[in-house]
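Asks: Below you will find the structure I want to go over with you.
The values are calculated or read from the model by the stated rules, or taken from the named source; none is laboratory data. Only a predicted model underlies this, so the values are computations on that prediction, with no experimental measurement involved. Here the Cβ positions follow ideal geometry from the backbone for every residue, glycine too, while neighbour counts run over all protein chains shown.
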Amino acid sequence: MWLIALSVPLLPAIVMVSGHYRGKVASLCHRALAWALRLVRRGACVKSTHAFVFSNCTHGKVDSVLETFDLYAETHRSLCIGPQIGEVLDEVVRRVCPLLVLELGMHCGYSSVRLLRLLPPRGRLVTVELDPITADLGEEIILVAGFKHSQFQVLAHSSAEAIPTLHSFLESDQGTGDGINLVLMDHDPQQYLPDLLALEREELLCPSGCTVLLIKRNQRAENLRGILDHIRGRRADLIESTVMLSAALSP
């Protein structure tokens, strides 16, 4: 709400400029307001989801945590990918058997819990979440599900800030020094391609191959065209679904 309040003193300036650039200013104001509303609604959604899951699940039971997430989503708006897409995620994780997973976009912690429960004993998850409050709530849900800090790490940064720091994590983590085996992207779709390019540039992906999963929510197809074209250029066997897109990368 502070974003909306902050814009009030700027209204006179906006009105004066609008006479010359009415169309551009109107479009800019509309986009800014839509962005602020999405931010507020997202925060409310994450907090209410966390409160419901924390209060109603059986602590220490992974299946109970996931079932409570699904129960909440039956009657409330939720950012969770849900059981149907979750099964696709499960299938990929079982096939890849990754030792190191990078999740960009933690949200409520649903996907994090889903991933962690299928990782091998030496497997680790690094999850990146831009909003620090959301990151704290998601981390608490992971702990409620029964996982330990030795199995995961939460980075409360933007993806662009977090990716260059992953080298130190890999170097200090025995067994995962070969690189990232699985990347789940569920953050800003416009960052999908830049972040994949950054991961390649930093040589963070496993040299023997890495699987990239893209969550497609309500964004337009052109938002994913760039990264899909890039992946096709790397390897032809692209597996797609209506919501989750899976692609295998090799050097």
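Asks: Anything in the stretch 91-116 that is closer than 12 Å to L182 by Cβ and of a type in the set (D, E, K, R)? List them, or say none.
Replies: Within the stretch 91-116, R94, R95, E103 meet the criteria.
Asks: Here is a list of conditions, (1) closer than 24 Å to R95 by Cα; (2) at pLDDT 90 or above, and Q191 meets all of them except one; can you say which number that is?
Replies: Status for Q191: all satisfied but (1).
Asks: Is it the case that some residue within the stretch 143-155 is over 25 Å from L205 (Cα atoms), within 16 Å of the chain's Cα centre (by Cα) and surrounded by fewer than 23 Cβ atoms within 10 Å (Cβ to Cβ)?
Replies: Checked against the condition, which is being over 25 Å from L205 (Cα atoms), within 16 Å of the chain's Cα centre (by Cα) and surrounded by fewer than 23 Cβ atoms within 10 Å (Cβ to Cβ), the stretch 143-155 yields no hits at all.
Asks: While we're here: State the number of residues belonging to the stretch 194-232 that are modelled with pLDDT of 90 or more, part of a helix (DSSP H, G or I) and farther than 25 Å from L118 by Cβ.
Replies: Residues that pass the stated criteria total 5.
Asks: Shifting gears a bit: So, of the residues in the stretch 27-55 that are loosely packed, with under 14 Cβ neighbours inside 10 Å and modelled with pLDDT of 90 or more, which turns out to be farthest from the chain's Cα centre (by Cα)?
Replies: Per the criteria, the residue is S55.
Asks: When the residues of the stretch 108-123 are filtered to those that are assigned to a loop (DSSP other than H, G, I, E, B) and touching a Cys at 6+ places or on another chain (Cβ under 7 Å), which remaining residue is surrounded by the fewest Cβ atoms within 10 Å (Cβ to Cβ)?
Replies: Once the filter is applied, the top-ranked residue is P120.
Asks: Follow-up. Take T165 and decide whether it is over 26 Å from L197 (Cα atoms), at pLDDT 90 or above, out of contact with any Leu (no Cβ under 6 Å at 6 or more places or on another chain) and among the polar types (S, T, N, Q).
Replies: no
Asks: Continuing with this model, one more query. Can you find, within the stretch 108-142, the residue that is farthest from L204 (Cα to Cα) among those that are among the basic types (K, R) and touching a Gly at 6+ places or on another chain (Cβ under 7 Å)?
Replies: The extreme case among them is R114.
Asks: Go through the stretch 135-148 and report how many residues are within 23 Å of L170 (Cβ to Cβ) and in a helix (DSSP H, G or I).
Replies: 4
This table checks each residue for (1) in a loop (DSSP other than H, G, I, E, B); (2) at pLDDT below 95.
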{"residue": "T75", "(1), (2)": "yes, yes"}
{"residue": "P83", "(1), (2)": "no, yes"}
{"residue": "E91", "(1), (2)": "no, yes"}
{"residue": "R95", "(1), (2)": "no, yes"}
{"residue": "V126", "(1), (2)": "no, no"}
{"residue": "I133", "(1), (2)": "no, yes"}
{"residue": "V154", "(1), (2)": "no, no"}
